[in-house]
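K.L.:
Sharing a structure here in structure tokens format.
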Amino acid sequence: MKFEKIIGLIAATFTPFDQDGTLNSSKIPELAKSLNANRMAGAFIAGTTGEGAALTHNEKIELIEAWAPFSSSEFKVMAMLGGTNQKESISLAKKTHELGLYGIALTAPYYIRPNSVKQLVDYFEGIAAEAPGQAFYFYHIPLLSKVELPMMDFLEEAGRRIPNFAGIKYTHNDLMEFNKCLRYHGGKYDILWGWDETMLAGLSMGAKGAVGSTYNYAGPLYQNLLEAFQKQDMETARHWQEKSIDLISLFGQYGGAACGKAIMKLCGLDCGQFRYPVKQLDKEDYRKLEKSLDQLGFFQFSSNAKKGQ
């Protein structure tokens, strides 16, 4: 089975919660509208940014149902189905197939970890089979999963055994392996870059598509970077990558992952806070963060510019 490769930027979306932490799927149309307005190629839901590991099974179903109407050939919605519970992932795969989402993704099991590529594909094979019309991507993120298997071997094994295998969401820093994966069998598979702060490096190694969380609120920044690279204007491309680096460097000061949802709120898209154990920001944190963003000139290139228009 052959799937069209993704060209452009896929936003790894936040899962919106009410103030009491309840899933608020009514926010999804607003989020989808924002992504379309900023020329995103699609949405990657319930991943790391979307707190998939903190969602219940029923919440994941509700989230998939809420995003499904927005999935199309022009705006590809992919759902991350989990990583540790195969039966749950099989159920979610059936739901994505029923609703016609573009694709599904899975991380490596990160508690009882596979120690070989064969074991990893053994785990994935039955899940992918329940969504035969959907593009299946492996979400390779060894920093969090602690599963660091050779991806060239994975391409061989998954490609042989999983008919709807489309490629890898590559969130790792091994640029040599990334480039080899891109060139595997003449570029047979879609290898998506997953590090926002080094997107220019991924593009330089051959990436055509990328998935990132900061695309939600800094879409214009990354579109500018991508366009400059395509024009071979490396000085401008580096300028925008440096803006990205300076933005992401703030995260450690403001709760790490929590910073992303806080920025969304400051841009006018309130998705609530992250679930525990992620830090909960207070009013003073928001005030300081807004000041730091102002100093960076962030609101001049934010997706939903609150200032500077």
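Here, each number is a calculation from the coordinates, and none is a lab measurement. Since the model is a prediction, treat every value here as computed from it, not as a measurement. Don't worry about glycine lacking a Cβ; one is built from the backbone with ideal geometry, like all the others, and counts go over all protein chains shown.
K.L.:
Label segment 19-127 by shape, choosing from rounded, prolate and oblate, from the square roots a ≥ b ≥ c of the eigenvalues of the Cα gyration tensor; if a/c is under 1.5 it is rounded, and otherwise prolate applies when a/b is larger than b/c, oblate when it is not.
P.N.:
Cα axes put segment 19-127 in the prolate bin.
K.L.:
Ok, one more. What ³J(HN,Hα) values, in whole Hz, does the Karplus curve 6.51 cos²θ - 1.76 cosθ + 1.60 give for segment 110-115 when θ = phi - 60°, with x put for Gly and Pro?
P.N.:
Running phi through 6.51 cos²θ - 1.76 cosθ + 1.60 with θ = phi - 60° gives 10, 10, 8, 8, x, 10 Hz.
K.L.:
Which entry is the computed semi-axes √(5λ) of the Cα gyration tensor in Å for this structure: (i) 41, 24, 17; (ii) 35, 21, 17; (iii) 29, 23, 17?
P.N.:
(iii)
K.L.:
Separate question: For the chain, set up a GNM with springs between Cα atoms under 10 Å and report which of 278, 211, 77 has the largest fluctuation.
P.N.:
Among 278, 211, 77, the largest mean-square fluctuation in the Gaussian network model of the chain belongs to 278.
K.L.:
So for 181, 267, fewest C-beta neighbours within 10 Å to most, what's the order?
P.N.:
Least to most surrounded, the residues fall as 267, 181.
K.L.:
Another question about this same structure. Taking the alpha-carbon centroid of each part, what is the distance from segment 56-83 to segment 167-198 in angstrom?
P.N.:
Distance between centres, Cα-based: 24 Å.
K.L.:
Same structure again: So how tilted is helix 86-99 from the main axis of the chain? Cα-based, degrees 0 to 90, rounded to 10.
P.N.:
The two axes meet at around 80 degrees.
K.L.:
Between segment 11-32 and segment 87-124, what's the alpha-carbon centroid distance in Å?
P.N.:
Using only Cα atoms to place each centre, the spacing works out to 23 Å.
K.L.:
With springs only between Cα atoms under 10 Å apart, run a GNM on the chain and tell me which of 105, 262, 228 wobbles the most.
P.N.:
228
K.L.:
So how far apart, in nm, are the two label points at residue 53 and residue 231 if each is 7 Å from Cα heading toward Cβ?
P.N.:
Here the modelled spin labels are 4.1 nm apart.
K.L.:
Shifting gears a bit: According to a simple spin-label model (label point 7 Å from Cα along Cα-to-Cβ), what is the distance in nm between residue 257 and residue 22?
P.N.:
The modelled label-to-label distance comes out at 2.3 nm.
K.L.:
Another question, if that's okay. Starting from the 7 Å offset along Cα-to-Cβ, what nm value, one decimal, do you get for the label separation of residue 5 and residue 249?
P.N.:
It works out to 3.3 nm between the two label points.
K.L.:
Next question, about the same structure. Could you pull out which residues in segment 2-38 have an amide N less than 20 Å from a spot 7 Å beyond the Cα of residue 286, following the Cα-Cβ vector?
P.N.:
Of the residues in segment 2-38, 14-28, 30-31 have backbone N under 20 Å from the label point off residue 286.
K.L.:
Quick one: what are the phi-derived ³J(HN,Hα) couplings along segment 158-174, Karplus 6.51/-1.76/1.60 with θ = phi - 60°, whole Hz, x for glycine and proline?
P.N.:
Ordered by residue, 3J(HN,Hα) equals 5, x, 7, 10, 10, x, 9, 5, 10, x, 10, 8, 9, 10, 8, 9, 8 Hz.
K.L.:
To the nearest 20 Debye, how big is the dipole of the chain about its Cα centre, given +1 on the beta carbon of each Lys and Arg and -1 on that of each Asp and Glu?
P.N.:
Computed about the Cα centre, the dipole is about 220 debye.
K.L.:
For the chain, what is the mean residue ellipticity at 222 nm derived from helices alone (per DSSP H run of n ≥ 4: -39500 (n - 2.57); sum divided by total residues; nearest 500 deg cm²/dmol)? Can you show the working numbers first?
P.N.:
Values: 12 runs with 127 residues, N = 309.
When only DSSP H runs of four or more count, the value is -12500 deg cm²/dmol.
K.L.:
Shifting gears a bit: Need the list of lysines near residue 146 for cross-linking: C-alpha distance under 16 angstrom, and skip anything on the same chain fewer than eight residues off.
P.N.:
169
K.L.:
Of 209, 252, 194, which has the largest mean-square fluctuation in a 10 Å C-alpha GNM of the chain?
P.N.:
252
K.L.:
For a test of understanding, tell me how many lysine pairs in segment 1-91 have Cα atoms under 26 Å apart, given they are 8 or more places apart or on different chains.
P.N.:
11
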